[in-house]
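Peer 1: Take this structure, written in structure tokens, and hold onto it; I'll ask about it next.
Bear in mind these aren't lab numbers, they're just calculated from the coordinates by the rules spelled out. Please read all numbers here as calculations on a predicted model, not as lab measurements. Don't worry about glycine lacking a Cβ; one is built from the backbone with ideal geometry, like all the others, and counts go over all protein chains shown.
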Amino acid sequence: MTIGKIAIITDSTNNLPDEFITQYHIQVIPLTLVIGDQTFLDGVDMRAEEFYKRLTIEKNHPTTSQPAPGDFLAAYQKAKAGGAEQIIVVTISSAMSGTMESARIAANSIDIPVTIIDSKSNTMGLGWQVLACARARDAGAGVDEIVEIVDNVREHLHLHVLLDTLEFLFKGGRIAGAAKLVNNVLKIKPQIRVNHATGSVEPVDISRTRAKAIEALYSAFTKKLDLTKPLRIAILHNDALDDANALAEKVIAELKPIELIIALTSPVLGVHTGPNAIALAGYSEK
């Protein structure tokens, strides 16, 4: 179903809770997760709850791959058949994945306009942009206005992630061996952030204990926000619900956001961030 003849499509790294996907009639294209000789569609064949239980005992380190152009084309055709006259696609950062390129290639094979937005983010950094897109569409905005609204959200968006371990970045070949040696000795808890100008990941801070790391995560994130404006905040976690709930209590008490979402991180992102990672993603409305 489409609303106002504009269909909205995103990929499975958006991490919006299912009720939002249903409420706003958003099509989700899954990335692929490979574990040994088994292949799963992210969030379809492999749910996050199952994935994190398996991750800590799995001998084969999972790998991921982007959707094929044909996956996007099938979604475009479905949207058109459902009455869409225009399509907006919001994808994971092009600096992190080739997903946006698949969406672009597919757009050449459909005869209705397709507008592709690079979120320059992932998880709820992407999710907040998708949600803003859908809400603007439902309020009657046209494509150009929707793009402007989404761009504004991205400009004010902050996403900070606390890793409980660097082990899964090592396994994925994302960090040099010398850094692995340092981690093994120090047992560090690194904090990283997404730069929404470049769409890439940057280091923020290092802590030695989880308690201090969570404090540093909260502090670094809140310093970026304009606390005089309405706040929309999401807490993402890799099977660390107790820590997520404790952080939510602090966010509610001190920041009083107008919207707070708690969600599990999708498996294709959890492959690299590992168990017990936790993140804050949100923005101050203008």
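Peer 1: Arrange the following residues from fewest to most other Cβ atoms within 10 Å of their Cβ: ASP151, ASP138.
Peer 2: Values: ASP151 12, ASP138 15.
So the ranking, lowest neighbour count to highest, is ASP151, ASP138.
Peer 1: Moving on. Which of LYS189/LYS256; LYS223/LYS256; LYS256/LYS286; LYS187/LYS256; LYS189/LYS224; LYS120/LYS256 have a Cα-Cα distance over 24 Å?
Peer 2: Violating the 24 Å Cα-Cα cut-off are LYS189/LYS256; LYS187/LYS256; LYS120/LYS256.
Peer 1: To continue, here is another question. Collect residues whose amide H, placed 1.01 Å from N in the peptide plane, falls under 5 Å from the amide H of LYS120; neighbours closer than 5 in sequence don't count.
Peer 2: SER93, SER94
Peer 1: Amide H of ALA277: which non-local residues (sequence gap of 5 or more, or other chain) have their own amide H closer than 5 Å, using H built in the peptide plane?
Peer 2: The list, which skips near neighbours in sequence, is ASP164, ASN238.
Peer 1: Now for a separate question. Mind checking which lysines have their C-alpha under 20 Å from LYS78, skipping anything on the same chain fewer than 8 residues away?
Peer 2: LYS5
Peer 1: Something else now. So for TYR218, TYR76, TYR52, TYR283, fewest C-beta neighbours within 10 Å to most, what's the order?
Peer 2: Numbers: TYR218 18, TYR76 24, TYR52 21, TYR283 27.
By the 10 Å Cβ count, ascending, the order reads TYR218, TYR52, TYR76, TYR283.
Peer 1: Leaving out same-chain residues fewer than 8 places away, which lysines sit with a Cα under 19 Å from that of LYS53?
Peer 2: The qualifying lysines are LYS171.
Peer 1: How large is ³J(HN,Hα) for each residue in the stretch 43-56, as worked out from phi by the Karplus curve 6.51 cos²θ - 1.76 cosθ + 1.60 (θ = phi - 60°), to whole Hz, x for Gly and Pro?
Peer 2: Ordered by residue, 3J(HN,Hα) equals x, 10, 7, 10, 7, 4, 4, 5, 4, 5, 5, 7, 4, 6 Hz.
Peer 1: Under 8 Å for C-alpha pairs, at least 6 residues apart: give me the relative contact order for the chain, rounded to a whole percent. All intermediate terms of the calculation are to be shown ahead of the outcome.
Peer 2: Numbers: 578 pairs, mean separation 63.0, N = 286.
Once normalised by length, the contact order is 22 percent.
Peer 1: Taking only DSSP H segments of four or more residues, each worth -39500 (n - 2.57), what value at 222 nm results for the chain once the sum is divided by all its residues, to the nearest 500 deg cm²/dmol?
Peer 2: Numbers: 11 runs with 116 residues, N = 286.
Mean residue ellipticity, 222 nm, calculated: -12000 deg cm²/dmol.
Peer 1: Most fluctuating residue of GLY142, GLY43, GLY127 in a GNM of the chain with Cα springs under 10 Å: which is it?
Peer 2: Looking only at GLY142, GLY43, GLY127, the biggest GNM fluctuation is shown by GLY142.
Peer 1: Could you state the angle between the C-alpha long axis of helix 241-255 and the longest principal axis of the C-alpha atoms of the chain, as a value from 0 to 90 degrees rounded to the nearest 10?
Peer 2: Between the helix axis and the principal axis of the chain, the angle is about 80 degrees.
Peer 1: Let me ask another. Listing VAL204, VAL251 from the residue with the fewest other Cβ atoms within 10 Å to the one with the most, what is the order? Write down the numbers at each step before the final one.
Peer 2: Details: VAL204 16, VAL251 22.
So the ranking, lowest neighbour count to highest, is VAL204, VAL251.
Peer 1: What relative contact order, as a whole-number percentage, does the stretch 10-157 give when Cα pairs under 8 Å and 6 or more residues apart are counted? Provide the component values of the computation, followed by the final result.
Peer 2: Numbers: 200 pairs, mean separation 34.9, N = 148.
Once divided by the residue count of the stretch 10-157, the mean separation gives 24 percent.
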